[in-house]
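**Student:** Have a look at the structure that comes next, please.
The values are calculated or read from the model by the stated rules, or taken from the named source; none is laboratory data. For clarity, every value in this text was computed on a predicted model and none was experimentally measured. Using ideal geometry, Cβ is built from the backbone for each residue, glycine included, and neighbour counts are taken over all protein chains shown.
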Amino acid sequence: MIKVGIIGATGYAGQEIVRILSNHPEAEVVWFGSRSYVDKKFSECFGNMYNIADDICKGEDMEALANSVDVIFTATPQGLCSKLVSEEILSKVKIVDLSADFRIKDVNRYEEWYQIKHESPDFIEEAVYGLCEVNREKVKNARLIANPGCFPTCSILSIYPLAKAGLIDMKSVIVDAKSGTSGAGRGAKVNNLFCEVNESIKAYGVTTHRHTPEIEDQLSYASGEEAVINFTPHLVPMNRGILATSYANLTKDISEEEIRALYEDCYKDEFFVRVLPAGVCPETRWVEGSNFVDVNVKKDARTGRVIMMGAIDNLVKGAAGQAVQNMNIMFGLEENMGLKITPMFP
């Protein structure tokens, strides 16, 4: 049985890890780390966990954790994991970091976009970007996983087959994405109050959103050329879900049937990526509560552009589910173990 510790267990993503692992046959959460709820039962923070996870929340002592568990999930704000990680820690335990601390390989680029100093740049090169469908072989032997962001996961997997094939202009990519309010975390913020969000939709982080360099970097690796994108996220009044609609100029006159065949071949062995039938657009309601990514593609013959679409649950495939998927790969387990979760509806 894999012993699991979670730092940031009482946030939305941390709670989702607990929920998923409560049904995992080979893993058990033994440390519920929380800065705000020390000495309080986890089930008092989340009533859905009553009689399921009644353990007392502990602090964020990484050294004690490393001596107690096999893997640590850090579901924390940017900057914390980079302060806590060390060679001594990594010699004892594997870490799956859900923050952005190790996603961007250029430390100057990270510090520019996140406006904080990176506390452990020596580990950036070692960290494996944990987009399982792309970096599975690297994940297998990793000590430190940079779990991808929610917007990047949806955007990259929607675009990846065409980028890898060199069939789109990587400086023409536009990503228009919508997210539910859980993506902003559990903290009390005026802009996330019901009356502020309900019956409205708004763009935010226009030209400045911190997931931009992460998407650009991964699309650059996939295509072998520098990707420069426009990424605009929007907040919509729902709890969960991300819908990303991306646009790019084709570099070759290729039919929609050929494009679809490219996607189907790229993802034919991927349990969690569902290439939808022709003409069916991804919807967040059909992936809610699951680790699935629904993707589809449409060619606009009139403009010569291609429209690439994807939908995920931001808390599962966009955070906790992908983190557990990475854990499964790292420990040599069946990749979808504990994650064969049928999407919830309604």
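**Student:** Select from the stretch 140-165 the residues that are under 15 Å from the mean Cα position of the chain (by Cα) and among the hydrophobic types (A, V, I, L, M, F, W, C) and write down the one among them that is farthest from E214 (Cα to Cα).
**Tutor:** Filtering first and then ranking leaves I145.
**Student:** Quick check: anything in the stretch 121-138 in a loop (DSSP other than H, G, I, E, B), touching a residue at least 24 places away in the same chain (Cβ under 8 Å), under 20 Å from L90 (Cβ atoms) and not polar (S, T, N, Q)?
**Tutor:** So in the stretch 121-138, the residues in a loop (DSSP other than H, G, I, E, B) come out as 124-127, 130-131.
Still in the running and touching a residue at least 24 places away in the same chain (Cβ under 8 Å): 127, 130-131.
Still in the running and under 20 Å from L90 (Cβ atoms): 127, 130.
Retained after the next criterion (residues that are not polar (S, T, N, Q)): 127, 130.
Yes, that holds for at least one residue.
**Student:** Residue check: is Y221 at pLDDT 95 or above and surrounded by fewer than 15 Cβ atoms within 10 Å (Cβ to Cβ)?
**Tutor:** On the way: at pLDDT 95 or above: yes; surrounded by fewer than 15 Cβ atoms within 10 Å (Cβ to Cβ): no.
Answer is no for this residue.
**Student:** Given the condition assigned to a strand (DSSP E or B), more than 16 Å from R19 (Cα to Cα) and under 23 Å from the mean Cα position of the chain (by Cα), answer yes or no: does some residue in the stretch 64-71 qualify? Please lay out each step first, then the result.
**Tutor:** Filtering the stretch 64-71 for residues assigned to a strand (DSSP E or B) gives 71.
Going one step further and asking which of them are more than 16 Å from R19 (Cα to Cα), we end up with 71.
Subsequent filtering for residues that are under 23 Å from the mean Cα position of the chain (by Cα) retains 71.
Yes, that holds for at least one residue.
Results for (1) touching a Gly at 6+ places or on another chain (Cβ under 8 Å); (2) farther than 23 Å from V297 by Cα; (3) among the charged types (D, E, K, R), shown as yes or no for each residue.
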{"residue": "R109", "(1), (2), (3)": "no, yes, yes"}
{"residue": "C132", "(1), (2), (3)": "no, no, no"}
{"residue": "P148", "(1), (2), (3)": "yes, no, no"}
{"residue": "S155", "(1), (2), (3)": "yes, no, no"}
{"residue": "G166", "(1), (2), (3)": "yes, no, no"}
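**Student:** Regarding the stretch 167-179, can at least one residue be identified that is assigned to a strand (DSSP E or B), among the charged types (D, E, K, R) and either over 25 Å from E258 (Cα atoms) or touching a helix residue (DSSP H, G or I) at 6+ places or on another chain (Cβ under 8 Å) (or both)?
**Tutor:** First pass over the stretch 167-179, keeping only residues assigned to a strand (DSSP E or B): 168, 174-179.
The next check asks that each one be among the charged types (D, E, K, R); those that pass are 176, 178.
Checking the rest, the ones that are also either over 25 Å from E258 (Cα atoms) or touching a helix residue (DSSP H, G or I) at 6+ places or on another chain (Cβ under 8 Å) (or both) come to 178.
Scanning the stretch 167-179 turns up at least one residue that is assigned to a strand (DSSP E or B), among the charged types (D, E, K, R) and either over 25 Å from E258 (Cα atoms) or touching a helix residue (DSSP H, G or I) at 6+ places or on another chain (Cβ under 8 Å) (or both).
**Student:** Now a separate question. Out of all the residues in the stretch 94-120, which are of a type in the set (D, E, K, R), crowded, with 21+ Cβ neighbours inside 10 Å and in a loop (DSSP other than H, G, I, E, B)?
**Tutor:** Result: D101, R103.
**Student:** Residue under question is K164, and the condition is that it be touching a His at 6+ places or on another chain (Cβ under 8 Å) and either surrounded by 16 or more Cβ atoms within 10 Å (Cβ to Cβ) or at pLDDT 95 or above (or both); does it hold? Steps first, answer last, please.
**Tutor:** Numbers: touching a His at 6+ places or on another chain (Cβ under 8 Å): no; either surrounded by 16 or more Cβ atoms within 10 Å (Cβ to Cβ) or at pLDDT 95 or above (or both): yes.
No: the conditions fail for K164.
**Student:** If you check F271 against the conditions, is it under 20 Å from E26 (Cβ atoms), of a type in the set (F, W, Y) and under 21 Å from the mean Cα position of the chain (by Cα)?
**Tutor:** On the way: under 20 Å from E26 (Cβ atoms): yes; of a type in the set (F, W, Y): yes; under 21 Å from the mean Cα position of the chain (by Cα): yes.
Yes.
**Student:** Do you know which of the residues in the stretch 289-308 that are touching a residue at least 60 places away in the same chain (Cβ under 8 Å) and within 19 Å of the chain's Cα centre (by Cα) is nearest to N147 (Cα to Cα)?
**Tutor:** V293
**Student:** Quick test of your reading of the structure: Q78 fulfils all but one of (1) surrounded by 14 or more Cβ atoms within 10 Å (Cβ to Cβ); (2) not in a loop (DSSP other than H, G, I, E, B). Name the failing condition by number.
**Tutor:** (2)
Table: residues versus (1) farther than 19 Å from N314 by Cβ; (2) of a type outside the set (D, E); (3) surrounded by 18 or more Cβ atoms within 10 Å (Cβ to Cβ).
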{"position": "F231", "(1), (2), (3)": "no, yes, yes"}
{"position": "S255", "(1), (2), (3)": "yes, yes, no"}
{"position": "A261", "(1), (2), (3)": "yes, yes, no"}
{"position": "V280", "(1), (2), (3)": "yes, yes, no"}
{"position": "E288", "(1), (2), (3)": "no, no, yes"}
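**Student:** Still on this structure, please answer the following. In the stretch 8-40, which residue that is part of a strand (DSSP E or B) and either in contact with a Cys (Cβ under 8 Å, 6 or more places away or on another chain) or without any contact (Cβ under 8 Å) to a residue 60 or more places away in the chain (or both) is nearest to L333 (Cα to Cα)?
**Tutor:** E28
**Student:** So is C150 under 27 Å from A248 (Cα atoms), buried (at least 20 other Cβ atoms within 10 Å of the Cβ) and not aromatic (F, W, Y) or not? Before the answer, list the steps.
**Tutor:** Values: under 27 Å from A248 (Cα atoms): yes; buried (at least 20 other Cβ atoms within 10 Å of the Cβ): yes; not aromatic (F, W, Y): yes.
Criteria met by C150.
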